[in-house]
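Structure record follows, encoded as structure tokens.
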Amino acid sequence: MNADGPDKTIELIRRLEEGDAEAADALFPLVYEQLHSIAQRMMARERDNHTLQTTALINEAWLRLMGGAEASVKDREHFVRLAARAMRHVLVDHARRRSAKKRQRERAQPLIEDALSYWDARHTDLLAVHEALERLTERDEGVARVVELRFFGGLTLKETGALLGMTERQASLAWSFARGWLKRELEKGAHDG
């Protein structure tokens, strides 16, 4: 966050929720650095030839945050989670559109495209991660919050713990559990598919 701090951010979000259109103009510069940091971390996990750029991801997520029907933002941690979730949904929607386009193409592919498809399949499938995270949220929302802040928000264990009111050790235990659980879910999904 900017030097103006989280209190100024929350104040501007409240004004925005009350219909003050000028609050968005004042809010964006305060949160841009953090949004950019989250977006860069997310894009670093994507394939090299990804058609969505960091700035586009930020803009799409910003539009979703400003136009979303989310409940009031409670605090800085809640805002970071909402921003990370909005970015995740932008990437998931982008991946779904890409997947739909792939299915529409003719099935007979040249050998080089077969090789590239195989390589793509070796990377983490964002849609599978999203679906597994949704199941984890149903099972344990607190652990899912740790994943959102660590994986999608790019925060350290110490930052995650502080935002969630946990010790660093508690955040580490939740992160370890979540990684193991998600790994099993993703492996199970890979074998089912």
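Of the residues in segment 46-56, at least one is under 14 Å from the mean Cα position of the chain (by Cα) and polar (S, T, N, Q). Within segment 15-25, can one find any residue that is modelled with pLDDT under 80 and in contact with a His (Cβ under 8 Å, 6 or more places away or on another chain)? Looking through segment 15-25, none of the residues is modelled with pLDDT under 80 and in contact with a His (Cβ under 8 Å, 6 or more places away or on another chain).
Pick from segment 153-170 the residues that are assigned to a helix (DSSP H, G or I) and under 19 Å from SER37 (Cβ atoms): which of them is nearest to the chain's Cα centre (by Cα)?
THR160
What are the residues in segment 131-147 that are surrounded by fewer than 17 Cβ atoms within 10 Å (Cβ to Cβ) and assigned to a helix (DSSP H, G or I), if any?
Our first condition is that a residue be surrounded by fewer than 17 Cβ atoms within 10 Å (Cβ to Cβ); within segment 131-147, this holds for 131, 134-135, 137-142.
The answer is GLU131, GLU134, ARG135, THR137, GLU138, ARG139, GLU141, GLY142.
Yes/no matrix, rows are residues, columns are (1) surrounded by 21 or more Cβ atoms within 10 Å (Cβ to Cβ); (2) more than 22 Å from ALA44 (Cβ to Cβ); (3) hydrophobic (A, V, I, L, M, F, W, C):
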{"position": "LEU149", "(1), (2), (3)": "yes, no, yes"}
{"position": "GLU168", "(1), (2), (3)": "no, yes, no"}
{"position": "LEU173", "(1), (2), (3)": "no, yes, yes"}
{"position": "ALA178", "(1), (2), (3)": "yes, no, yes"}
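For segment 152-170, what are the residues that are among the aliphatic types (A, V, I, L, M) and under 25 Å from LEU127 (Cα atoms)? LEU155, LEU157 - these are the residues of segment 152-170 that are among the aliphatic types (A, V, I, L, M) and under 25 Å from LEU127 (Cα atoms). Restricting attention to segment 66-115, the residues being at pLDDT below 60 and closer than 27 Å to VAL147 by Cβ number 3.
The values are calculated or read from the model by the stated rules, or taken from the named source; none is laboratory data. The model shown is predicted, which means the values in this text are computed figures rather than measured ones. Methodologically, a virtual Cβ is constructed for each residue, glycine included, from the backbone with ideal geometry; neighbour enumeration extends over all protein chains shown.
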